[in-house]
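Just below is one structure, and these are the notes that go with it.
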Amino acid sequence: QVQLVGSGGGLVQPGGSLRLSCAASGTIFKINAMGWHRQAPGKQRELVATITSGGNTNYADSVKGRFTISRDNAKNTVYLQMNSLKPEDTAVYYCYANEAYTGTYWGQGTQVTVSS
């Protein structure tokens, strides 16, 4: 089993920044992709950003140029730097990790609220 613990959410004004972190622990042989999804009230969960073990990244169009995903493979940790935040970025952000032999695991979710 793999556990994911996320942190870094909170309340920020429009135009502000936040950095989310998510650390994986437990029985880990190899983690392939890691990333973030988000779910706003009344909406479906959507992909925000992903990163492979080799560092290749993919972003939702709505966050390109504002968000940056990165990871520390030695620490099994993924980060999401969020800049120029907008009210429409308000959501619960969920990290995930794809372990090569046991499957995909999700974090508990962290609330991000962008409001003045």
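Taking the chain, how many lysine pairs are there with alpha carbons less than 25 Å apart, if each pair must be eight or more places apart or span two chains?
Lysine pairs, 8 or more places apart or on different chains, close enough: 4.
Under a Cβ-Cβ cut-off of 15 Å, what is the net charge of the residues other than CYS95 that fall near it, where Lys and Arg count +1 and Asp and Glu count -1?
So the surrounding residues net to +2.
Sorted by packing (mean other beta-carbon atoms within 10 Å per residue), highest first, where do 33-39, 65-71 land?
Ranking, from highest mean packing down: 33-39, 65-71.
Taking 7 Å along the Cα-to-C-beta vector as the label spot, tell me the LYS64-THR104 distance in nanometres, rounded to one decimal.
Taking the simple label geometry, LYS64 and THR104 are separated by 2.2 nm.
Using the scaling law 2.2 N^0.38 Å as the reference, what is the normalised Cα Rg of the chain?
After normalising by residue count via 2.2 N^0.38 Å, the value is 1.01.
From the protein chains alone at 1.4 Å, what is the descending order of accessible area for GLU46, GLU88, largest first?
Listed by decreasing accessible area, they come as GLU88, GLU46.
Taking Cα centroids, how far is region 74-116 from region 12-64 in Å?
First find each Cα centre; the distance between them is then 4 Å.
The values are calculated or read from the model by the stated rules, or taken from the named source; none is laboratory data. Note that this is a predicted model, so its numbers are computed, not measured. Positions of Cβ are backbone-derived with ideal geometry, glycine not excepted, and every protein chain shown enters the neighbour counts. What goes into the accessible areas is simple: the full protein's heavy atoms, side chains included, and nothing from ligands, DNA or RNA. Shrake-Rupley method; radii C 1.70, N 1.55, O 1.52, S 1.80 Å.
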